[in-house]
Amino acid sequence: MSTAENQSDSDVPADAPHACPGTSSNLAGQVSACAGCPNQSICSSGETRRIDPALVEIAQRLSSVKHIILVLSGKGGVGKTTVSVMLARALARNPQLRVALLDIDICGPSVPRALGVENEQVHPSGSGWSPVYVSENLSAMSVGFLLTSLEQAVIWKGPRKDNMIKQFLLDVDWGEGELDYLIVDTPPGTSDEHLSVVNYLKNVASLSGCILVTTPQEISLQDVRKEISFVKQTNLNVLGIVENMSIFKCGKCHKESQIFPKHHGLRELCETNQYELLSSIPIDPSIAKCCDDGEDLFDIYPDSSTAKVYLNLAEKIQEKCQLK
Ligand code: ADP
């Protein structure tokens with residue numbers, strides 16, 4: 001195999017020469033291109049090829065999870081947490097499925113509130129941390145459950161966040177038997193948390209891929225393009241794109257209005273990258289209210305068009321995961 005074929009973008013440091021064989025390659029530190037590279041001594045020591053034992057333990061812990069789905073967005077405020085929560089709730093409408101939601105937005109955890117369990121705490125058990133159960137077949141884990149007050153700010157640097165994510169993946173006991181879906185809500189952008197979670201899950205066979213969430217606005221799409229660059233560099237499978245806040249339908253006159261300027265950017269982006277537009281979710285004040293109040297939209301507005309859009313998204317996700 002040639003040097004170029006051995007190379008994976010994710011293990012080429014930014015300061016490495018163009019022909020870097022990759023830090024995890026057997027050739028790391030050994031080829032002529034390595035001469036003069038600031039990483040040569042650590043690469044040739046073999047240190048970069050050492051496998052973190054946590055990767056193996058995480059793969060074992062998550063071997064009872066059938067499908068892991070990351071929810072990503074380039075920008076904050078586009079509805080990524082809402083999509084994560086609603087997708088988890090939609091999947092859990094099927095009593096045959098066991099669903100869990102892991103919130104790795106360490107500095108801004110809003111999953112506990114949106115699920116109506118923000119005053120709950122998690123407890124250590126003999127086999128790890130027990131998650132909080134929202135219903136019989138829907139559980140959640142978030143740093144929010146570990147804080148002593150709702151106003152407490154988490155001001156952590158990269159290594160501490162990385163440790164927390166590692167602990168979530170290693171130590172949460174998702175319960176007896178198999179978990180069908182583990183939805184992972186991430187912070188916006190491509191930050192420490194994303195690198196950590198992708199690194200820890202790279203050997204986990206059940207990582208089905210990610211969903212990218214955006215609004216129709218060009219300013220949100222710009223950040224989705226950066227997110228796409230991240231998923232390509234880390235070889236993350238894209239299950240598809242969710243367009244949130246696509247239109248507003250007036251509850252009184254039923255007229256549809258376009259609140260955010262809509263361009264052809266999203267269609268082009270899907271075509272260029274061969275991604276499926278999984279769903280276009282309307283702006284619906286009842287979603288915002290349910291998430292604020294921690295209520296389940298499927299209980300309160302079961303016949304609403306938004307509930308149907310989300311159930312349809314859940315069906316598509318199940319089909320995609322079965323195909324993978
Ligand atoms: P993010 O996780 O991307 O930062 P959130 O999910 O927290 O975004 O959503 C931001 C705000 O927008 C929240 O107040 C949420 O209730 C609201 N929201 C999200 N999607 C919709 C929607 N389709 N209709 C109405 N409000 C929405």
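Annotation for segment 214-227: at least one member residue is in contact (Cβ under 8 Å) with a residue 60 or more places away in the chain and away from the ligand (no atom under 16 Å from the Cβ). Looking at 25, 63, 110, 44, just one residue is at pLDDT below 85, among the hydroxyl-bearing types (Ser, Thr, Tyr) and either over 30 Å from residue 241 (Cβ atoms) or under 27 Å from the mean Cα position of the chain (by Cα) (or both), and that residue is 25.
Regarding residue 260, is this residue part of a helix (DSSP H, G or I) and either assigned by TED's automatic domain parsing to the domain that holds residue 109 or more than 16 Å from the ligand (Cβ to nearest atom) (or both)? No: the conditions fail for residue 260. Of note, residue 165 satisfies the criterion of being assigned to a helix (DSSP H, G or I), more than 16 Å from the ligand (Cβ to nearest atom) and within 26 Å of residue 241 (Cβ to Cβ).
Residues are listed down the side, and each one gets a yes or a no for (1) acidic (Asp, Glu); (2) within 22 Å of residue 93 (Cβ to Cβ); (3) modelled with pLDDT of 95 or more:
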{"residue": "249", "(1), (2), (3)": "no, no, no"}
{"residue": "253", "(1), (2), (3)": "no, no, no"}
{"residue": "257", "(1), (2), (3)": "no, no, no"}
{"residue": "290", "(1), (2), (3)": "no, yes, yes"}
{"residue": "296", "(1), (2), (3)": "yes, yes, yes"}
{"residue": "313", "(1), (2), (3)": "no, yes, yes"}
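Just one of the numbered conditions (1) touching a Pro at 6+ places or on another chain (Cβ under 9 Å); (2) buried (at least 19 other Cβ atoms within 10 Å of the Cβ) is not true of residue 62: (1). Mind listing whichever residues of segment 299-316 are surrounded by fewer than 20 Cβ atoms within 10 Å (Cβ to Cβ) and in contact (Cβ under 8 Å) with a residue 40 or more places away in the chain? Result: 305, 311, 316. Scanning segment 275-324 for residues that are assigned to a helix (DSSP H, G or I), within 14 Å of the ligand (Cβ to nearest atom) and among the aromatic types (Phe, Trp, Tyr) yields one hit, 310. Within segment 69-89, being of a type in the set (Val, Ile, Thr) and either within 8 Å of the ligand (Cβ to nearest atom) or modelled with pLDDT under 95 (or both) holds for 78, 81, 82, 83, 85. Identify, from the list 208, 220, the residue that is touching a strand residue (DSSP E or B) at 6+ places or on another chain (Cβ under 7 Å) and either assigned to a helix (DSSP H, G or I) or outside the structural domain of residue 313 (by TED's automatic domain parsing) (or both). Testing whether each residue is touching a strand residue (DSSP E or B) at 6+ places or on another chain (Cβ under 7 Å) and either assigned to a helix (DSSP H, G or I) or outside the structural domain of residue 313 (by TED's automatic domain parsing) (or both) leaves just 220. Residues considered: 11, 52. Of these, the only one that is surrounded by 15 or more Cβ atoms within 10 Å (Cβ to Cβ), farther than 30 Å from residue 244 by Cβ, more than 16 Å from the ligand (Cβ to nearest atom) and within 27 Å of the chain's Cα centre (by Cα) is 11. The residue that is nearest to residue 82 (Cα to Cα), among those in segment 237-257 that are in contact (Cβ under 8 Å) with a residue 40 or more places away in the chain and buried (at least 22 other Cβ atoms within 10 Å of the Cβ), is 244.
Cβ separations smaller than 7 Å between residues 6+ apart or across chains give the following pairs from segment 195-209 residues that are at pLDDT 90 or above to residues that are buried (at least 22 other Cβ atoms within 10 Å of the Cβ) and among the hydroxyl-bearing types (Ser, Thr, Tyr): 197/186.
The values are calculated or read from the model by the stated rules, or taken from the named source; none is laboratory data. Predicted, not measured: the structure shown is a model, and the values here were computed from it. No Cβ is skipped: glycine too gets one built from the backbone with ideal geometry, and neighbour counts run over all protein chains shown.
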